1. In nm, to one decimal, how far is the modelled label at Glu140 from the one at Thr194, with both set 7 Å along Cα→Cβ?
2. What ranking do 185-196, 169-180, 89-100 get when scored by the average of other Cβ atoms within 10 Å per residue, highest first?
3. For the stretch 140-250, with only Lys/Arg (+1) and Asp/Glu (-1) charged at the beta-carbon, what is the dipole magnitude about the Cα centre, in debye rounded to 20?
4. Compare the Cα positions of Gln179, Ser159, Ile190 along the charge dipole of the stretch 115-196 (+1 at Cβ of Lys, Arg; -1 at Cβ of Asp, Glu; about the Cα centre) and return the one farthest towards the positive end.
5. For labels at Asp117 and Asp166 in the simple 7 Å Cα→Cβ model, what's the distance in nm?
6. Return the distance in nm (one decimal) between the two label points of a simple spin-label model at Asp82 and Lys67, each offset 7 Å from Cα along Cα→Cβ.
7. At 10 °C and 1.306 mPa s, grab the translational diffusion coefficient of the stretch 193-247 from Stokes-Einstein with a Kirkwood Rh over Cα pairs, rounded to a whole number in µm² per second.
8. What's the ranking of 231-243, 280-292 by average number of surrounding C-beta atoms within 10 Å, highest first?
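Where a number appears in this text, it was derived from the coordinates with a stated rule and is not lab data. If you're wondering where the values come from, they're calculated on a predicted model, not measured in any experiment. Cβ atoms come from the backbone with ideal geometry, glycine included; neighbour counts cover every protein chain shown.
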Amino acid sequence: MAMARPAMIALALGTAVVVGVGVVVLAEDPQDPVPLAVVNPPTPTPTATPAPTATPTPAPTASPAAKITPVPAEVIANGPRDVPKVAITFDTAYSAETDALVTAGVIGPQYNTAVLDYLASTNTPATVFVTGLWGEQYPEGMKRLAATDTIEIGNHTWSHAGWAGDCYGLPDAGDVANQRVEIGRTAMMIAAYTGSAPSLIRFPALCHDPEDVALAAQFGEYTVDTDIGLNDTGVTEAAPVAAGILEQVQPGSIILLHLNGAPNTPATLEILSQLVPGLKEKGLTPVTVSDLIAPVAPPA
């Protein structure tokens, strides 16, 4: 699937607020699991008092200007089916509620470094969609992601709010002005670490409508979903989930996992360690999402 690359326009990331797109919600916080054929749903995690509406505060200082390229308002669930490549992606589901639980010691850190260690040891490319609150809590994680050539960073909104309809109980993302902060502030944070604004966004729990997708496109971000009906949320037995993903996967697939770890995604590393060799056995090469959707070079 060749994606258009329109001319660039400059946008000061900092005092300016970027515009964004749709929403995808996976029960990445202590919430009801998303119905994506999840195996072994977890025992509900203790929850903090939910915030009614996400209201992130704009960043107080301006970051260096970054180039923003408006893109077509498109939702990408997969890449070309005739190229033997797939994308392994990770979300960092992290909200104010999650942060309160981490701070109180109810749950552990939501940063699965073992997953990044495995990706590095196997030289496996991946795309990680980060929430702004996760980046604030784990700056060392942001630095590591930005310093890894085989990893690209995408936008997962600021507070992991819900964007469209009743998004699995997530607090509402608010009006358009607040939605722009959700997308723009996260884009500014990513640009501060990488030197460039992100070109991809995944909405929490995959909840989004056409207006959300169009908003993200103004920020130069394509909306990324998945074509695989299994993920790691609530999974405690890795083997059946890894086998199920390998059964569903095909050229161009986008696989969705998480970088949080326990309690909601405790089996990610084990799933990944079975997926990577399994993909290679099927002749499928993991790449970043940007590489997956890049135009295929014509024959020489």
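1. 2.3 nm
2. Highest to lowest by the protection proxy: 89-100, 185-196, 169-180.
3. 460 debye
4. Going by the Cα projections, it comes out as Ile190.
5. With each label placed 7 Å out from Cα toward Cβ, I get 4.3 nm.
6. In this crude spin-label approximation the distance works out to 3.0 nm.
7. In µm²/s, the coefficient is 117.
8. 231-243, 280-292
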